[in-house]
Amino acid sequence: MIRFDPALPINARRGEICAAVEANPVVIVCGETGSGKTTQLPKMLLDMGRGAVTKMRGRIGHTQPRRIAARSVAARIAEELGSELGGTVGYKVRFHDKVGARSAIKLMTDGILLAETQGDRALREYGSIVVDEAHERNLNIDFLLGYLKRLTRERPDLKVIITSATIDAERFSKHFGGAPVIEVSGRLYPVEVRYRPVGGDAEDTTRDEEEQALADAVDELCREGEGDVLVFLPGEREIREAGETLQGLGYALS
């Protein structure tokens, strides 16, 4: 059973999205963070009967710009489907391949999918491809968008969904010859912006000073009451180091 959480805004547009996918080779889905597009789109494709592990239908490929995102999204979708990683849902990133013979949904980085074109130029393993966070526009994504534009002309059976922030949606639509754009609202919460100096010249701060500043900021927030804290960091190394620092101070990480 595939269940769709009605609290996620994208699920209110599920019928419209599925109809657009059936009728068009490429669909652009744009929306803010919190709309649910990353986890729900591959489930919609699966519910449509796509994702069969056969040459006729092909897996649902789902790309993410970063390895840690590919792994975490795979784990979340697998949890929602009641499946173990490597079962219905798998992932492939550099140095790690957890895709089973019966995996219908395959998470991977943009670079992994590009590399696979060397051995399978038509990408016959996939019947549907979701390119997530396309607005980030790194080199891999740009190459991939160009490649998929050509591939959809050669493979009329292939379905491509591009997700993007609202600001870039029309540009992606134009690139794919006027592909339909479906806008999905996000779940927005009030945001208060505070500036907390790290100390000293920001350009001269060491990694230890940055980690201590992060710990001080989290501690300051936690003193205001119970709740969760979301920390944005530039890369996997910084995420792991910050996690170790916060765990050492007794904070629980998820």
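The values are calculated or read from the model by the stated rules, or taken from the named source; none is laboratory data. The shown structure was predicted, so the numbers you read here are calculated from the model rather than taken from an experiment. For neighbour counting, all protein chains shown are included, and Cβ atoms are generated from backbone atoms with ideal geometry for every residue, glycine included.
Just a few scattered comments:
- Against the numbered list (1) farther than 30 Å from residue 232 by Cα; (2) crowded, with 18+ Cβ neighbours inside 10 Å, residue 23 comes up short only at (2).
- When residues in the stretch 172-198 are screened for being out of contact with any helix residue (DSSP H, G or I) (no Cβ under 7 Å at 6 or more places or on another chain), exposed (fewer than 14 other Cβ atoms within 10 Å of the Cβ) and modelled with pLDDT of 80 or more, 7 of them pass.
- When residue 236 is tested against (1) surrounded by 14 or more Cβ atoms within 10 Å (Cβ to Cβ); (2) in contact (Cβ under 8 Å) with a residue 40 or more places away in the chain; (3) out of contact with any Leu (no Cβ under 8 Å at 6 or more places or on another chain), exactly one condition is not met: (1).
- Single condition residue 214 does not satisfy, out of (1) without any contact (Cβ under 8 Å) to a residue 24 or more places away in the chain; (2) of a type in the set (A, V, I, L, M, F, W, C); (3) touching a Ser or Thr at 6+ places or on another chain (Cβ under 9 Å); (4) not in a loop (DSSP other than H, G, I, E, B): (1)
- Taking the stretch 77-118 as the range and being closer than 19 Å to residue 57 by Cβ, touching a residue at least 40 places away in the same chain (Cβ under 8 Å), crowded, with 24+ Cβ neighbours inside 10 Å and of a type outside the set (A, V, I, L, M, F, W, C) as the test, the residues that pass are 103, 106.
- Residue selected from the stretch 1-23 under the condition of a type in the set (Val, Ile, Thr) and closer than 15 Å to residue 38 by Cβ, by the criterion modelled with the lowest pLDDT: 10
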